[in-house]
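What follows is a short report on a single structure.
Please treat every number below as a calculation from the coordinates, not as lab data. Quantities reported herein were computed from a predicted structural model and do not represent experimental measurements. Here the Cβ is made from the backbone with ideal geometry for all residues, glycine too, and neighbour counts use every protein chain on show.
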Amino acid sequence: MIDEGRSRPTVLEAHGLVKWFGPRAALDGVSIAAAPGERVAVIGPNGAGKTTLLSILAGIQRPDAGNVETGGQRVGWVPQQAALYGKLTVAENLRLFARLEGRDDVEQVVERMLDQAALGDRRDDPVAELSGGNRQRVNIAIGLLAEPRVLLLDEPSASLDPRQRERLWEFILALAERGTAVVYATHDLSEADRHANRVLVLADAELVFAGTPAELEQAVGGGLRDFETSFVSFLGQLGH
Amino acid sequence: MRWLLLKDLTILRRSPLLVGLLVIYPIAISCLIGFALSRGPDKPAVAILNEVPASSNEIALGSERIDVSQYSTELYDAVDPVPVESRAEAEEKVRSGAVLAALIIPADITSKLQTGLSPATVEVLYNAEDPVKAAFVQDTIKAQVQDANLALTQALTGVALDYLDLIVSGGEFDLIGQTFDVLGLERSQEILEAISPRLSAADSAEVGEVIEFAGVAGDNLALADNALSSLSAPIRVETTVVEGGRTPLSSFAVAIAIAVSLMFVTLLLASGTLALEREENAYARLTRGLVAPSALLTEKVVLAAVCSLAVTLLMLVGLALFVGLEFGRAPMWIAALALAAAAFAAMGVALGALTRDVRAASLLAFMIALPIAFLALVPSGAVSPGLFGAITAVNALFPFGPTLDALDWALNGAPLALLTVAHLAALVAAYSVVGRVALRRFG
């Protein structure tokens, strides 16, 4: 199965990605594409290769085969657990990473990110004192400092309560509306169903489905109770 | 690297416990060592039961009388004497810990010294529940009894030498209130030589034998002076240093204290700050094109080395209030501390690269630091040659030994081998490579 993408031009393309961890394949010939403003959910059972795929797309790991094309643009990456300094304030964290990104307009970009993340009133609070949701928003804001055309998020709403999750998705959807391609891995199938334009299903290191959530439901005959049931049924049909 | 350094300094500043430890630790250590070096050990309290009656304190050697009690001060000088009235009281004080030991001087000590038929003996009671304390008491009492023995032997030898001189040279001799004139061998020989020519040939030959005996006896007894003098101190010690410097123990103790502090502060800071990057999940984000892993390692080495240099310099200034450190050698202090700090910091980042959180890094640093300090202080000859060779090989892998040599040079003017500098520089390079490889493997 190859993900051809739904719209062109793409801002991210990966072809035939293969990754081995010892004798076990974590990714086996996976290809993916994302267009500006698109929201792509990567779903699949535990150990399917979701985090490995995002790590390779982010440049943290190298594939054993295949390639990733970003047109020379930096890719924003937001790890599952917030990569922040707890003893620094929100603004200091943003300022540090803006400087490390080589931004000339450090103060302006920090203000812009504080505004986008709606954290202006918490700017001088140490990150360690923030709620999980606010911490994740700072985490995402740091991923956006380089103004990437693609943002990769690994389980962005894990460990957040429903209210925090809702506010986080408002923030992410607003980014997509401004043209940022958002690729996210999630265990929460309702997040894939509600927020993704397209879902990619990984199972046993392979890409087994690429399409809209509605197309996934149709693939199992439709008429099932919900997206989650359709997904489980789909995997069952494939023997997973 | 500048922004990372500023970030780490900000984090340090906001960790009051850590900063407090970094400031208080050197001050406390320098005060403790300073007091220990500048004040001698307190005298141990020792109960003294003197059963010798005041009237029996003297021993008589011919016309000479020696007051034995004055030699007991040799014992008392080294201890804090606590007079007791009975053996039971002495035992009770030792048991209760009121005194470290009890010294019992029996009533017959002077008569035994007088007759010489059996050795005079003093008895020591001590509490052996603490092996260290027991060894300390034994050593202290033994050393002081030896000093008293020596002083008494010298006094007795002096009296014996006076008598020998009287026999050889003649002179006046007081006994029981009467003064006797002793002719002496030399004068006897002179008199006999004077009358010998007036005697018959047969008498003159017999007197000649007596004259010869007086001459030989006089000459040999004169030589006995030297033999008796040697008897009071038969062996003297003369020392020659064939290897190493002449650094006094107190000055070397300062070097050890500084080396230990430098090691702990640098290792904990370097390993902890690197491990913090992974504990905060920031490592992957930083090394994803923002900072090269080698630059991150260099930043941690610089941070830890600069902080520990400042801390140990503060310690040295504190210690200088107690012991005589030459401020003129301050540039050497800084050079030695900087090089040693760089070596420990490189080792610290290697440890930090192997661990994923600050607690594990600190524990690993602590567990490695203690044995390497201990091993570096094992002197040659204290263990078998094979084991010492193994210890030397292990020590070569860690910076503590060369750090001690460098600090001994900086503080005490001991000779500095170029090998020491090269050793520390090689350790900086080697541990940096280990850190880099570990980050690639475990990053």
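At a glance:
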{"item": "For the protein assembly as shown, the spread of Cα positions along each principal axis, largest first, Å", "result": "157, 55, 51"}
{"item": "Pair B:Ala54, B:Cys31: separation of 7 Å Cα→Cβ label points (nm)", "result": "4.8"}
{"item": "Nearest-0.05 FRET efficiency for B:Ala338 and A:Ala174, computed from C-beta distance (R0 45 Å)", "result": "0.30"}
{"item": "Amide H within-cut-off set for A:Ala26, under 5 Å, with H built and near neighbours excluded", "result": "A:Lys19, A:Trp20, A:Phe21"}
{"item": "Projected label distance in nm at B:Arg198 and A:Arg74, using a 7 Å step from Cα toward the beta-carbon", "result": "13.0"}
{"item": "5 angstrom amide H check on B:Ile48, placed H, neighbours 5+ away", "result": "B:Val82, B:Val84, B:Leu103"}
{"item": "Near-label residues of the stretch B:417-443 by backbone N, under 18 Å of a point 7 Å along Cα→Cβ of B:Ala396", "result": "B:417-431"}
{"item": "Length gained when the stretch B:Ala422-B:Glu92 is fully extended (0.36 nm per residue, less Cα-Cα span)", "result": "112.8 nm"}
{"item": "Label-point gap, in nm, between B:Arg2 and B:Asp77 - each point 7 angstrom along Cα→Cβ", "result": "6.7"}
{"item": "Whole-number percent relative contact order across chain B, with pairs defined as alpha carbons under 8 Å at least 6 apart", "result": "16"}
{"item": "Long-range lysine pairs (8 or more apart or interchain), the protein assembly as shown, Cα under 29 Å", "result": "12"}
{"item": "Axial C-alpha extent at least 18 Å, average Kyte-Doolittle at least 0.5 - helices from chain B (DSSP)", "result": "B:16-38, B:131-169, B:201-232, B:249-279, B:293-320, B:330-354, B:358-376, B:418-442"}
{"item": "Percentage relative contact order, the stretch A:56-136, counting C-alpha pairs under 8 Å, at least six apart", "result": "33"}
{"item": "Crossing angle, helix A:106-116 versus chain A [Cα axis fit, 0-90 degrees, rounded to tens]", "result": "60"}
{"item": "Within 10 Å of each Cβ in B:9-17, the average number of Cβ atoms from other chains", "result": "2"}
{"item": "Nearest-ten-degree value, helix A:132-143 long axis tilted from longest Cα axis of chain A", "result": "90"}
{"item": "For the stretch A:226-237, 3J(HN,Hα) per residue [Karplus equation, 6.51 cos²θ - 1.76 cosθ + 1.60, θ = phi - 60°, Hz, x = Gly/Pro]", "result": "7, 5, 5, 5, 4, 5, 5, 5, 4, 5, x, 4"}
{"item": "Mean Cβ count within 10 Å, highest first, over the residues of peptides B:163-170, A:94-101", "result": "A:94-101, B:163-170"}
{"item": "Efficiency of FRET between B:Val23 and A:Arg167 - r from beta-carbon atoms, R0 51 angstrom, step 0.05", "result": "0.75"}
{"item": "Listed peptides B:415-427, B:332-344 by packing density, highest first (mean Cβ within 10 Å)", "result": "B:332-344, B:415-427"}
{"item": "Within the protein assembly as shown, helix-based [θ] at 222 nm, where runs of 4 or more DSSP H residues each add -39,500 (n - 2.57), nearest 500", "result": "-18500 deg cm²/dmol"}
{"item": "Qualifying GluC sites (Glu not before Pro) in the stretch B:243-343, DSSP loop, other Cβ atoms within 10 Å at most 15", "result": "B:Glu243, B:Glu326"}
{"item": "Computed E for B:Ser384/B:Val132 - FRET, C-beta separation, R0 25 angstrom, nearest 0.05", "result": "0.50"}
{"item": "Packing-based order for B:400-412, A:180-192, B:4-16, using average beta carbon neighbours within 10 Å, highest first", "result": "B:400-412, A:180-192, B:4-16"}
{"item": "Shielding by other protein chains, B:401-410, mean Cβ within 10 Å", "result": "0"}
{"item": "For A:93-104, mean number of other protein chain Cβ atoms within 10 Å", "result": "3"}
{"item": "For the stretch A:208-221, Karplus couplings with θ = phi - 60° (6.51, -1.76, 1.60), whole Hz, Gly/Pro x", "result": "9, 7, 9, x, 7, x, 5, 5, 5, 5, 5, 5, 9, x"}
{"item": "Sum of side-chain charges, A:Thr180 neighbourhood, beta-carbon under 14 Å (Lys, Arg +1; Asp, Glu -1)", "result": "+2"}
